[in-house]
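The values are calculated or read from the model by the stated rules, or taken from the named source; none is laboratory data. These numbers were taken from a predicted model, which means no experiment stands behind them. Glycine also receives a Cβ, built like all others from the backbone with ideal geometry; neighbour counts cover every protein chain displayed.
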Amino acid sequence: MKHKKSQYLRASLAHEAARLMYEEGVKQYLTAKQLAAKRLLGRAYGKKIRYHPRDLPSNGEIKESLLQFVQLYEGDDQLYRLFAMRVIALEMMFELKQYTPCLIGSVSTGHVRQGSDIDLHLFTDSLEELEQTLDSLEWDYELAEVSIQKNSKIKLYTHVYLENIFPVELSVYPTQEIRIVSRSSTDGKPIVRLKTAAVEQLLQQEHEIEWFEYCSDGILKGFRA
């Protein structure tokens, strides 16, 4: 009985955390998990409800619940949004080819939803040169320093935020880190990082008809910058 109760609790927390991410725009799994626990495991009859840490869902469980929300509310729209985001990513990667761009995140894995952004990793030892490139492309962008923990050390990296048809985040790393692949917070596996050729292959294999039509007329139907 306790095992079934624990399973039900985990599923309920995963569902609420996913709902918070989908409907209320919570970005981080940890934040969504904490808010879900606070809302569902608050106080009852004047007493605080106790729970064991093992009762809390993993990031992977929350992600599965989040995908169910996407499938329920977005359906076929999600598939075309994924195609459009991959096209935009590929075009930007061609423009930034000297920085060895790699596509990561939901656009690479296929798990996009409303509000998802395009995440690219760039590699350069000259931020000034990158800014000159962005300026020459006449892209409006903002720079920010982001703290990331690597090997138990906190390091600062530059992130570039800009708007295309979809929001885009460029994470800038020194060239010596091009072979260092971080692990996913959802399953602990190495993050999927796709180079330009791999993204183009994805478009050809997973979006064959849409890619053919786009190559013919250059139009992303339903999306405008």
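Here are a few things to note about the model shown:
- Search result, residues across region 109-129 that are touching a helix residue (DSSP H, G or I) at 6+ places or on another chain (Cβ under 8 Å) and not in a loop (DSSP other than H, G, I, E, B): Ile118, Asp119, Leu120, Leu122, Phe123
Conditions (1) surrounded by 12 or more Cβ atoms within 10 Å (Cβ to Cβ); (2) small (Gly, Ala, Ser); (3) in contact with a Pro (Cβ under 9 Å, 6 or more places away or on another chain), marked per residue:
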| site | (1), (2), (3) |
| --- | --- |
| Gln98 | yes, no, no |
| Gln114 | yes, no, no |
| Leu122 | yes, no, yes |
| Asp125 | no, no, yes |
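- Checking Lys38, Lys47 one by one, the residue that is farther than 28 Å from Ile191 by Cβ, surrounded by fewer than 11 Cβ atoms within 10 Å (Cβ to Cβ) and modelled with pLDDT of 70 or more is Lys38 and no other.
- Filter result (modelled with pLDDT of 90 or more and of a type in the set (Lys, Arg)) within region 194-222: Lys195
- Single condition Gln132 does not satisfy, out of (1) modelled with pLDDT of 90 or more; (2) in a strand (DSSP E or B): (2)
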